[in-house]
Amino acid sequence: MEILKQKREVPVLVYIISGLSLIPWIGGFIGLAILISGLIYYKNKILIAVGSLGILFTISIYGSLYYFGQIERGGVYDEMTVELSKHSLKTLISEIELYNIKNDKYPDNLIQVTKNGYNQLHLDPILNKVAVKGESKEFYYKLESDGYILFSIGFDKIPFTKDDIHPQLMPNEIEKYGYKRLNPAHNTRSYNIGG
């Protein structure tokens, strides 16, 4: 019993390894191992402190990434999400047009387009970020007799408002594709370039 209560000398290598606990993700696991060894085996306050810091550092790094990426509105992550939506819309238009070429008709819904191998393409990155459980996370898509309407309904989750995001197309692309853009102010068609 006397041996268990006795402090053991900590090898220099253990101190070096304990410094690795400040590396995010893997540092959480190393920090936990250092914390346990500091508490049980070495009974060393420095190892306990460094192990605890490693765990807290990992939690704070990933917690702030989650907060800024998923919860906070209006920051750089929102701007990146908007750009990702614009890119996804343009890719989705290409896939819709490819579907039209193969099937001689436009798809009834976006799920039909994902059968070509793009399983998540119909999901709007913005809605993936702000929609609650049970709400649709798909881009707005409506098939019409002479084409289709496609856009992101934006952060407010209401279609035909100012924050809607439309594909960025060149004038010659608008003419050759079946894509039709609605003017949100009048809920009428507009063939202007925009986004």
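For the chain, find the longest principal axis of its Cα atoms and tell me its angle to the long axis of helix 26-36, 0 to 90°, nearest 10.
Relative to the chain, helix 26-36 is tipped by roughly 30 degrees.
Set the Förster distance to 22 Å, then compute FRET efficiency between E175 and S94 from the Cβ-Cβ distance, nearest 0.05.
Details: r = 16 Å, r/R0 = 0.71.
Here the calculated transfer efficiency is 0.90.
Can you give the helix-only mean residue ellipticity at 222 nm for the chain, where every DSSP H stretch with n ≥ 4 adds -39500 (n - 2.57) and the sum goes over all residues, rounded to the nearest 500 deg cm²/dmol?
-14000 deg cm²/dmol
Given that compact globular proteins tend to follow 2.2 N^0.38 Å, what is the ratio of the alpha-carbon Rg of region 78-190 to that value?
1.01
For semi-axes √(5λ) of the Cα gyration tensor in Å, pick the label among (1) 38, 17, 16; (2) 35, 17, 15; (3) 55, 17, 13 that corresponds to the value derived from the coordinates.
The calculated read-out lines up with (3).
By average Cβ neighbour count within 10 Å, what is the ranking of 77-87, 30-40, 135-145 from highest down?
Result, highest mean Cβ count within 10 Å first: 30-40, 77-87, 135-145.
Coordinate-derived values only; no laboratory data. Every value quoted in this text rests on a predicted model; they were computed, and no experiment measured them. FYI the Cβ positions are ideal-geometry reconstructions off the backbone, even for glycines, and counts take in every protein chain you see.
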